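The values are calculated or read from the model by the stated rules, or taken from the named source; none is laboratory data. Computed from a prediction, not measured in an experiment: that's the story for all the values here. A quick note on method: Cβ atoms are made from the backbone with ideal geometry, for glycine too, and the neighbour counts reach across all protein chains shown.
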Amino acid sequence: MDKQPPAPAPAPVAVPLQTYPQPYGAPGAAPVQAYAVQPVPGQPIYVQPMPGQPIMVTTVQYGKNPQNVTCPTCKNQVMTQTTTENGLAMWLAVGGCCLLTGCCCWIPLLISDLKDVSHDCPVCKTHLGDAKLIK
């Protein structure tokens, strides 16, 4: 049996989009032709915004309670699943109690308001963010 090499992937095809004029006062200003490349299956697509086009980035401030957000991974509108973790504030409180009382250093471990909260997507289990008492 002869093994033949796999067929090469199709080459991207350039398609003219729109002509953009040069800025005023540019010597020898000639229109610039912009091109789009049709995507090749299985390859990532990178998009760069046009100059002067605003880029909107939204950030979510996570708190102690579950929040209704859109998961950036699975794109579902979900109520975050929260779990508590011992963070920096907790261990500083434990250290402070140890220095002051000596024997009651475990008491801060029972106080849930000193713990950090981790927010995860309940659908795809992606970690979405944290609410830290001390950053």
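Among the residues of the stretch 98-125, count how many are outside any loop (DSSP other than H, G, I, E, B) and either within 20 Å of residue 60 (Cβ to Cβ) or β-branched (Val, Ile, Thr) (or both). Steps first, please.
Going residue by residue through the stretch 98-125, those that are outside any loop (DSSP other than H, G, I, E, B) are 98-100, 107-110, 112-114, 116-120.
Pick out the ones that are also either within 20 Å of residue 60 (Cβ to Cβ) or β-branched (Val, Ile, Thr) (or both) and you get 107, 116-120.
Here the count works out to 6.
List, please: which pairs have Cβ atoms under 9 Å, are six or more places apart or on different chains, and start with a residue in the stretch 108-125 that is closer than 23 Å to residue 68 by Cβ and end with one that is assigned to a loop (DSSP other than H, G, I, E, B) and of a type in the set (Phe, Trp, Tyr)?
From residues that are closer than 23 Å to residue 68 by Cβ, the pairs are 117/62; 118/62; 119/62.
Looking only at residues that are assigned to a strand (DSSP E or B) and of a type outside the set (D, E, K, R) in the stretch 82-97, which one is surrounded by the most Cβ atoms within 10 Å (Cβ to Cβ)? Step through it out loud before you land on a result.
Of all residues in the stretch 82-97, those assigned to a strand (DSSP E or B) come to 82-85.
Of the ones still in play, those that are also of a type outside the set (D, E, K, R) are 82-84.
Values: 82: 17, 83: 10, 84: 15.
The qualifying residue surrounded by the most Cβ atoms within 10 Å (Cβ to Cβ) is 82.
Every residue, every condition in (1) at pLDDT 90 or above; (2) buried (at least 17 other Cβ atoms within 10 Å of the Cβ); (3) over 25 Å from residue 73 (Cβ atoms); (4) among the hydroxyl-bearing types (Ser, Thr, Tyr), yes or no:
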residue	(1), (2), (3), (4)
99	yes, no, yes, no
110	yes, no, yes, no
116	yes, yes, no, no
119	yes, yes, no, no
122	yes, no, no, no
125	yes, no, no, no
135	no, no, no, no
